[in-house]
Amino acid sequence: MAEDAPTPPSSTPAASTPAASTPVPPRPVNEQAPRMVVRTATVDDIDAIRDLCARVYTDVPPYSPTTLKAQQQHFAEGQFVAVYEGTVVGYCATFRIAEALAFAPHTWMEITGGGLAARHDPDGDWLYGMEVFVDPDYRGYRIGQRLYTRRRALCQRLGLKGIVFGGRLPGLHRRIKKVGSAEAYVEAVRTRKMRDPVLSFQMRNGFEPIGVLADYLPSDRESLGYAAHLVWRNPKANSEPSGGRTARSRYSQRTVRVSIVQYQQRRVRSFEEFGHNVEYFVDVVADYRSDFVVFPELFTLQLLSIENQRIPASDAIATLTRYTEPLKALLSRLAVSYNINIIGGSHPTRSETGEILNICYVCLRDGSVHQQVKIHPTPNERYWWNIEGGSRIDTIQTDCGPIGVMICYDSEFPELSRHLVDQGAQILFVPFCTDERQSYLRVRYCCQARAVENQCYVVMSGNVGNLPNVENMDIQYAQSCILTPCDMPFARDGIAADTTPNVEMVAFADLRMEDLAAARQSGTVQNLRDRRFDLYSVAWTNRKG
């Protein structure tokens, strides 16, 4: 959405007056508590930001929670909220971008990566203003001005060259016949021959128009899709971009240790025995101070062997559903006890609405439990288990940064990984379950492609062994691995760790986040930076859930 100025009604809401017969004691005032605060936005603000967005933009849907979370994950320090007496009354979203992109012709969708701030460049020397909106009921509080002041302060603190964005022209539709073109209208406002409620506000705040962006936001009917290309130049900027630091130096020297469990399917006699098997591996990898441990897809089908008899598929799901809550409790307890984040493979279960879903439970070492439903069930899953696909794929925030989960077949659909990476994921976890080598290689080759095209790490964990009395788990083939982009900072073959095929074992790798960042910003190839946003993008519909 193009940058706007606050356009509220002419008066603030009047305070309600109590009846004269009802004495009201004076309200205690904490003189030290500020009534208006502009601060960095957090995940806890997302619902309030969406409510505010819906009040400001009544003709378009508000930003989705996924989009707002992605903006924070890409550039947390660049997202601000204005809070008045505990209520969010303003929002400001920004990201960093290279000068060449900032000053070239572009649309809002192209430059922002569909609103996700997916084109945030940690090495960018300009700050791009993606969004500002203010509660229409709070005119006179100069909230927009406060947000712009905070944005300028950020720009100066980071030593950037300035701020650039596309600003709305809401008066254009009324004057277009008189002036003849959008360019002529901007010039008339610049020379103060005309007044535009937004552009005039931007100019009073120190922004200068340098041109017009056509088709910037086609849905903006008042602006006829146009936007003024606006710039504020930082008077304190150094001539050397961003202090001359390299892309690598902008990142903390952070290493994430990942472990994978190539898990052998074998008969167990009770849930307790299953739990002991899982805890054994968690204990082992925790001794190596791993940040993550990954188990395979459908590894809980081992629980169907407790009865030691073939269970019809229709009854198997009901049996497995009984173990859902104990499984979550087990993984959560282990995550906290062993101080490790657990990617809990996947577990087919019946939802409250009756759907059968294949769910990965992610239990973090802070005690929180998250889940990702498999989006694309395989033909076998649909045939044997009547499993249905999910409709959302979101990143999960961890103490090692945002991650994504794609369950087996999902890795063969590049749109999903791109959507996760656009939200800020740098590590994608792929629990998988394949019966023979060809099936396995489909998943592996696709995962390697995902690592290359998204310049991210991809972590695979699969089953070995067999369960003779469990449908669709007769045989297993796996060679679990941890994959990297194929570029100079990484292992020669793009493989950080590998396992021996069809042998129960664990493997480890230290994933250096600064290497990933350096590859994205200055690698031999720069797949993320070089995407043609003017030609294509991934648009998530959010029509379900």
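The values are calculated or read from the model by the stated rules, or taken from the named source; none is laboratory data. All values derive from a computational prediction rather than experimental measurement. Here the Cβ positions follow ideal geometry from the backbone for every residue, glycine too, while neighbour counts run over all protein chains shown. Remember, those area values only see protein heavy atoms, side chains included, never the ligands or the DNA or RNA. Shrake-Rupley method; radii C 1.70, N 1.55, O 1.52, S 1.80 Å.
Answer yes if at least one residue in region 446-466 is part of a loop (DSSP other than H, G, I, E, B), more than 24 Å from the chain's Cα centre (by Cα) and surrounded by fewer than 21 Cβ atoms within 10 Å (Cβ to Cβ), and no otherwise.
Kept after step one, since they are part of a loop (DSSP other than H, G, I, E, B), are these residues of region 446-466: 455-456, 462, 466.
After this cut, where a residue has to be more than 24 Å from the chain's Cα centre (by Cα) as well, the list is 462, 466.
Now narrow it down to the ones that are surrounded by fewer than 21 Cβ atoms within 10 Å (Cβ to Cβ): 466.
Checked region 446-466: at least one residue is part of a loop (DSSP other than H, G, I, E, B), more than 24 Å from the chain's Cα centre (by Cα) and surrounded by fewer than 21 Cβ atoms within 10 Å (Cβ to Cβ).
Matching residues to (1) closer than 26 Å to G345 by Cβ; (2) not charged (D, E, K, R):
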residue	(1), (2)
S461	yes, yes
A478	yes, yes
D510	yes, no
F533	no, yes
Any idea which of (1) under 20 Å from D394 (Cα atoms); (2) crowded, with 22+ Cβ neighbours inside 10 Å is the one L334 doesn't satisfy?
-> (1)
Flag if D291 is free of Cβ contacts under 8 Å to residues at least 12 places away in the same chain and within 30 Å of L516 (Cα to Cα) = no
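So which residues in region 220-244 are among the small types (G, A, S) and modelled with pLDDT of 90 or more, if there are any at all? Even if it seems obvious, please write down each step before you answer.
In the first step, residues of region 220-244 are kept if they are among the small types (G, A, S); the result is 223, 225, 227-228, 237, 239, 242-244.
Those that are among the small types (G, A, S) and modelled with pLDDT of 90 or more: S223, G225, A227, A228.
I'd like the residue in region 360-372 that is free of Cβ contacts under 8 Å to residues at least 40 places away in the same chain and assigned to a strand (DSSP E or B) and, out of all such residues, is most open to solvent (accessible area, probe 1.4 Å).
Q371
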So how many residues does region 408-425 have that are in contact with a strand residue (DSSP E or B) (Cβ under 6 Å, 6 or more places away or on another chain) and of a type in the set (K, R)?
-> 0
Would you mind finding the one in Q521, Q476 that is assigned to a loop (DSSP other than H, G, I, E, B), in contact (Cβ under 8 Å) with a residue 60 or more places away in the chain, out of contact with any helix residue (DSSP H, G or I) (no Cβ under 6 Å at 6 or more places or on another chain) and not β-branched (V, I, T)?
-> Q476
When region 488-525 is examined, which residues are found to be polar (S, T, N, Q), open to solvent by 40 Å² or more (accessible area, probe 1.4 Å) and farther than 26 Å from G462 by Cβ?
-> S522, T524
Those residues of region 245-276 which are at pLDDT below 50 and either open to solvent by less than 80 Å² (accessible area, probe 1.4 Å) or acidic (D, E) (or both) amount to A247, S249, R250, Y251, S252
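Going by the conditions given, is L357 over 27 Å from the mean Cα position of the chain (by Cα) and open to solvent by 10 Å² or more (accessible area, probe 1.4 Å)? Step through it out loud before you land on a result.
Values: over 27 Å from the mean Cα position of the chain (by Cα): no; open to solvent by 10 Å² or more (accessible area, probe 1.4 Å): yes.
So L357 does not fit the description; no.
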Total residues in region 183-208, condition buried (at least 20 other Cβ atoms within 10 Å of the Cβ) and under 25 Å from R151 (Cβ atoms) | 8
Pairing a residue in region 421-446 that is free of Cβ contacts under 8 Å to residues at least 24 places away in the same chain and under 15 Å from C360 (Cβ atoms) with any residue that is outside any helix (DSSP H, G or I) and among the aliphatic types (A, V, I, L, M), where Cβ atoms lie under 7 Å and the two sit 6 or more apart in sequence or on different chains, gives none
Of the criteria (1) open to solvent by less than 10 Å² (accessible area, probe 1.4 Å); (2) among the polar types (S, T, N, Q); (3) modelled with pLDDT under 95, which one T58 fails | (1)
Which numbered condition trips up V503, out of (1) β-branched (V, I, T); (2) part of a strand (DSSP E or B); (3) over 32 Å from the mean Cα position of the chain (by Cα)?
-> (2)
Only unsatisfied item for N469, checking (1) open to solvent by 40 Å² or more (accessible area, probe 1.4 Å); (2) of a type in the set (S, T, N, Q); (3) within 22 Å of S417 (Cβ to Cβ), is (3)
L68 without any contact (Cβ under 8 Å) to a residue 40 or more places away in the chain and open to solvent by less than 20 Å² (accessible area, probe 1.4 Å) | yes
Those residues that are touching a residue at least 40 places away in the same chain (Cβ under 8 Å), out of contact with any Ser or Thr (no Cβ under 8 Å at 6 or more places or on another chain), assigned to a helix (DSSP H, G or I) and open to solvent by less than 10 Å² (accessible area, probe 1.4 Å), I need them from region 382-414; list them, please.
-> W385
